[in-house]
Every structure is written in C-alpha cells, then in structure tokens.
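The structure appears right after this line, and notes come after that.
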C-alpha cells in the first residue's frame, strides 16, 4: 500500500517571544535616551559595536516559522519487518528556526556598514497532536493498550523526517529570521547613527 501524500499548511508568524524581546529592547532604548537627554554636561558619543548588537539579539534558539503538518506513519511488525502492523494518520506542528548564538556580525566603521549573517535553519521542535491520531490496522494483534505510545513515537519520527525534506519550511523560516533580526536591530542603529547601512542575510 502506497503512503498517502503529506499536506503541509503554512502559518507564517512572528512568535510571541520575539515580540516580547522587541518590546523590552524598545523600552530599554527609550529609558537610555531619556537619561541622556536629562543628564547635564557633555554627552559621551554612542558607538555601534559588535558586542552591543549581540546583546540586542541574544535570545538563543528561536523558532521563526511554524507549519501544520498532516501525515501518515507506517508501523512495521517487529518480528516480520516486511509486514505492516498498521498505519496511523496524525497532525503535527513543525517548528523551524535558527540558533541566535551562531549569528555572525560585522561592523565596518569606515564604510558605515553592518552585516548580519544568519546561521543554517534547522527543525527545532515537532509536536504531534496525540488526539488527532487515527489508526488503520492490518494486524489486529497490534491493537494493544500500548499502541498509542508506540504510534506517537512513530508519528514524531515520521514528521521529523518528512519536514526535513520540505525546502519551503527552511526558506520561509530563514526569511522570517531576517525580518525578526531587522526589526530588532534597525531601530537601535537608526537611533545611534542613521548613516549606517544594515544588511541581514
């Protein structure tokens, strides 16, 4: 029996965690600017540095894309690997993103350029909705009290493998990561020195 085609539904969104980080950064910047405006005497000129930018985007691993994945896992018989015990359909949320610790930042003061290179996108998490699982048994003896636990593991493995082959997931996660980084960094750069050009790729 051929396996049915998988369906991947796209949900492009900026996670709540990113929005919270952006708000916190905005508040910190606002407080800093207020202090500078209220402090009498000479002001120390602000300088854009790599360490400053790293602090801004220091949110570790972050999922920047979520896909709803509908799939079917095939579970084989342990004693007869060529025989199928059952198929189980399921729905899963697949999260893809980047490790922000691996971001590379370059600041060129002379050319007034800031270049941020994002690392390779990876599947960060897979959540299978156990309530969505539906079985088709070819071996009734496999329908035991532990079948749900076994099937859940099979669905996790299947979703992980299948999602890794979906190039669209990686591309959209990368695009979203670029948008997130730009949204975090650009306001700070423009506040300190609007003459700098920001490149995120």
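The values are calculated or read from the model by the stated rules, or taken from the named source; none is laboratory data. This one's a predicted model, so the numbers in the text were calculated from it and none came from an experiment. Cβ sites come from the backbone with ideal geometry, for glycine too, and all protein chains shown count toward neighbours.
Numbers at a glance
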quantity	calculated
Lone unmet requirement of (1) crowded, with 17+ Cβ neighbours inside 10 Å; (2) within 21 Å of residue 182 (Cβ to Cβ) for residue 109	(1)
Any hit, the stretch 68-78, residues being closer than 17 Å to residue 174 by Cα and at pLDDT 55 or above	no
Scope the stretch 185-201; condition touching a residue at least 60 places away in the same chain (Cβ under 8 Å), assigned to a loop (DSSP other than H, G, I, E, B) and more than 23 Å from residue 123 (Cα to Cα); matching residues	193, 195, 196
Selection status of residue 66, at negative phi, surrounded by 14 or more Cβ atoms within 10 Å (Cβ to Cβ) and within 23 Å of the chain's Cα centre (by Cα)	yes
Looking only at the stretch 190-201, and only at residues there that are surrounded by 15 or more Cβ atoms within 10 Å (Cβ to Cβ) and at pLDDT 85 or above, the one that is farthest from residue 100 (Cα to Cα)	196
Test result for residue 158, over 23 Å from the mean Cα position of the chain (by Cα) and under 16 Å from residue 72 (Cβ atoms)	no
Verdict on residue 136 being within 22 Å of residue 75 (Cα to Cα), in contact (Cβ under 8 Å) with a residue 40 or more places away in the chain and more than 13 Å from the chain's Cα centre (by Cα)	yes
Residue in the stretch 167-184 that is surrounded by the most Cβ atoms within 10 Å (Cβ to Cβ), counting only those that are closer than 12 Å to residue 121 by Cβ and in contact with a strand residue (DSSP E or B) (Cβ under 6 Å, 6 or more places away or on another chain)	173
